[in-house]
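The structure under discussion appears below in the form of structure tokens.
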Amino acid sequence: MDVPKSEKFKGARSTRDMANVLWEIESTDEKSGGNVIGTLEKFQRELKKQFYPQYAEREALAKLHRLTQQGNVWEYVQTFNELMLQISDLSEKEAIHWFEDGLKPWEKHELCRQGITELTIAMAEAKSFVELGPTKDKF
């Protein structure tokens, strides 16, 4: 779908300007007999195509492939989510693969053992893991 460039949008990110641009895109699309954006996913894809730098998605995908859990799982999930928001065409199967692949080995093993196939469930489950290991005495 080719979305015409808006002359009204000058790079400002005010809510009113964005609403006007989106309204213009939708009404232009309806007038030209094109497809109306009917789902949130399609809307997000079209919005990213319009305003997001072309190289940014490739860069985010490369970062996602290199991402590994260094600290706690909460930080990993947050970083993974931030990168996911920048990628428009990643399937659920690919997303869960890259998510599990970057986890620490024991967390990855536990998710695989549970047979989780949905990314949101895998993220929630991973955040619930408690890392066991030697503790440091506070005294």
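The values are calculated or read from the model by the stated rules, or taken from the named source; none is laboratory data. What you are looking at is a predicted structure, and each value in this text was computed from that prediction instead of being measured. When we count neighbours, we look across all protein chains shown, and the Cβ atoms used for this are built from the backbone with ideal geometry, even at glycine.
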What number goes with the only condition from (1) at pLDDT 80 or above; (2) outside the structural domain of A124 (by the TED database); (3) polar (S, T, N, Q) that N20 does not pass?
-> (1)
Do we find a residue being modelled with pLDDT of 90 or more and over 20 Å from A124 (Cβ atoms) anywhere in region 72-83?
-> no
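Provide a single number: the residues in region 50-64 that are of a type in the set (G, A, S) and either modelled with pLDDT under 75 or outside any helix (DSSP H, G or I) (or both).
So the first thing to find is which residues in region 50-64 are of a type in the set (G, A, S), and the list is 56, 60, 62.
This time we only want the ones that are either modelled with pLDDT under 75 or outside any helix (DSSP H, G or I) (or both), so: none.
Residues meeting the conditions: 0.
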What is the residue count in region 39-73 for residues that are within 18 Å of L111 (Cβ to Cβ) and surrounded by 12 or more Cβ atoms within 10 Å (Cβ to Cβ)?
-> 5
Filter result (of a type in the set (K, R) and touching a residue at least 40 places away in the same chain (Cβ under 8 Å)) within region 81-131 | K127
